[in-house]
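Asker: Submitted below is the structure of interest, expressed as structure tokens.
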Amino acid sequence: MHILHIISSPRAGASFSIKLGNGLVGKLLAAYPGSTVRVRDLAAGPFPHLEESHLDAFNAPAEAYSPAQQAAVRHSDEAIAEVQWADVIVIGVPMYNFNIPSTLKAWIDHIARARITFRYTAGGPEGLVHGKKVYLAAASGGIYSRGPGAANDFAIPYLKNILGFLGMHDVTVVRVEGTKIAGVQDQALEKALNSFVVEAPQPV
Ligand SMILES: Cc1cc2nc3c(=O)[nH]c(=O)nc-3n(C[C@H](O)[C@H](O)[C@H](O)COP(=O)(O)O)c2cc1C
């Protein structure tokens with residue numbers, strides 16, 4: 001299997017979402033020996049916010065791209081190629097201000113591309129990315145899987161929505177939560193690492 005690990009925490013060795021993502025990748029490698037892993041670190045190499053040049057190129061027909069338009073879609077083309085290459089995508093999701101980090105949002109803005117990863121049909125929008133298994137390795141200082149915090153979790157519902165819009169409906173959420181809560185933080189990672197089994201992508 002091809003495993004794509006998306007990192008969006010800038011905290012390297014201290015990051016819970018990276019440790020959890022690595023734990024997921026480790027279990028996948030144990031379950032599917034010989035798999036290939038590719039890491040895309042959005043904190044070390046951030047994608048640009050969308051500018052006019054990107055929007056212009058996204059809307060132009062690919063077969064008639066100018067050199068400038070070709071340059072403008074480089075990040076998008078690379079990111080989409082990685083998503084298409086992957087059978088399994090592990091996305092590290094640190095919660096920032098009740099949502100995802102802007103680095104991760106910028107990546108999404110580059111992979112959501114009309115006519116390539118989604119299209120509008122007479123029957124409504126249609127995702128064009130199929131056959132992927134996605135794991136969200138989510139880390140948060142507070143607790144959002146239940147209780148009063150749940151109403152403030154805009155990160156996971158948003159990601160499930162946009163991934164589904166692109167055709168990726170097989171999404172499993174694994175949370176390391178309470179990383180800032182005394183009495184919870186010490187066990188949070190171990191609890192998260194023991195809370196899931198890995199599964200192969202479902203045939204479509
Ligand atoms: C800029 C920033 C914003 C944050 N916002 C929230 C938040 O809204 N809710 C929360 O529970 N934790 C919040 N935190 C705490 C992080 O979610 C927590 O430290 C988490 O472990 C970060 O993921 P990481 O360990 O992979 O870097 C925030 C941390 C930072 C740095």
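The values are calculated or read from the model by the stated rules, or taken from the named source; none is laboratory data. Just so it is clear, the structure is predicted and the values come from calculations on it, not from any experiment. We place every Cβ from the backbone using ideal geometry, glycine too, and count neighbours over all the protein chains shown. The protein model used for the area step is the full one, side chains on, heavy atoms only, and it has no ligands, DNA or RNA in it. Shrake-Rupley method; radii C 1.70, N 1.55, O 1.52, S 1.80 Å.
Asker: In a helix (DSSP H, G or I) and open to solvent by 10 Å² or more (accessible area, probe 1.4 Å), is that true of residue 20?
Answerer: Details: in a helix (DSSP H, G or I): yes; open to solvent by 10 Å² or more (accessible area, probe 1.4 Å): no.
Spelling it out, it is not the case that residue 20 is in a helix (DSSP H, G or I) and open to solvent by 10 Å² or more (accessible area, probe 1.4 Å).
Asker: Give 176, 134 a once-over and let me know the one that is more than 30 Å from residue 58 (Cα to Cα), of a type in the set (Val, Ile, Thr), touching a helix residue (DSSP H, G or I) at 6+ places or on another chain (Cβ under 9 Å) and surrounded by 21 or more Cβ atoms within 10 Å (Cβ to Cβ).
Answerer: That would be 176, the only listed residue that is more than 30 Å from residue 58 (Cα to Cα), of a type in the set (Val, Ile, Thr), touching a helix residue (DSSP H, G or I) at 6+ places or on another chain (Cβ under 9 Å) and surrounded by 21 or more Cβ atoms within 10 Å (Cβ to Cβ).
Asker: Among the residues of region 179-186, is there at least one that is assigned to a helix (DSSP H, G or I), within 16 Å of the ligand (Cβ to nearest atom), among the polar types (S, T, N, Q) and in contact with a Leu (Cβ under 8 Å, 6 or more places away or on another chain)? Walk me through it before giving the result.
Answerer: First, pick out the residues of region 179-186 that are assigned to a helix (DSSP H, G or I): 185-186.
Remaining after also requiring within 16 Å of the ligand (Cβ to nearest atom): 185-186.
Okay, now just the ones that are also among the polar types (S, T, N, Q), so 185.
After this cut, where a residue has to be in contact with a Leu (Cβ under 8 Å, 6 or more places away or on another chain) as well, the list is none.
Within region 179-186, not a single residue is assigned to a helix (DSSP H, G or I), within 16 Å of the ligand (Cβ to nearest atom), among the polar types (S, T, N, Q) and in contact with a Leu (Cβ under 8 Å, 6 or more places away or on another chain).
Asker: Tally the residues that are assigned to a helix (DSSP H, G or I) and open to solvent by 30 Å² or more (accessible area, probe 1.4 Å), restricting the search to region 137-161.
Answerer: To start, the set of residues in region 137-161 that are assigned to a helix (DSSP H, G or I) comprises 147-152, 155-161.
Next, from what is left, pick out any that are open to solvent by 30 Å² or more (accessible area, probe 1.4 Å): 147-148, 150-152, 157-158, 160-161.
Selection size over region 137-161: 9.
Asker: Looking at region 88-102, which of the residues that are open to solvent by less than 40 Å² (accessible area, probe 1.4 Å) and farther than 17 Å from residue 16 by Cα is nearest to the ligand (Cβ to nearest atom)?
Answerer: Restricting to residues being open to solvent by less than 40 Å² (accessible area, probe 1.4 Å) and farther than 17 Å from residue 16 by Cα, the top hit is 89.
Asker: Need pairs with beta-carbon distance below 7 Å; first residue among the hydroxyl-bearing types (Ser, Thr, Tyr) and within region 118-145, second open to solvent by 20 Å² or more (accessible area, probe 1.4 Å) and away from the ligand (no atom under 16 Å from the Cβ); sequence gap 6+ or separate chains.
Answerer: From residues that are among the hydroxyl-bearing types (Ser, Thr, Tyr), the pairs are 135/172.
Asker: Filter region 6-41 down to residues that are basic (Lys, Arg), more than 15 Å from the ligand (Cβ to nearest atom) and under 17 Å from residue 190 (Cβ atoms), then give me how many there are.
Answerer: Number of matching residues: 1.
Asker: When region 137-191 is examined, which residues are found to be farther than 30 Å from residue 115 by Cα and of a type in the set (S, T, N, Q)?
Answerer: Passing the criteria: 140, 145, 152, 179, 185, 187.
Asker: Could you list, ordered by first residue, the pairs with Cβ atoms under 7 Å in which the first is in region 164-192 and charged (D, E, K, R) and the second is part of a helix (DSSP H, G or I), at least 6 apart or interchain?
Answerer: Sorted first by the residue in region 164-192, then by its partner, the pairs are 175/192; 177/188.
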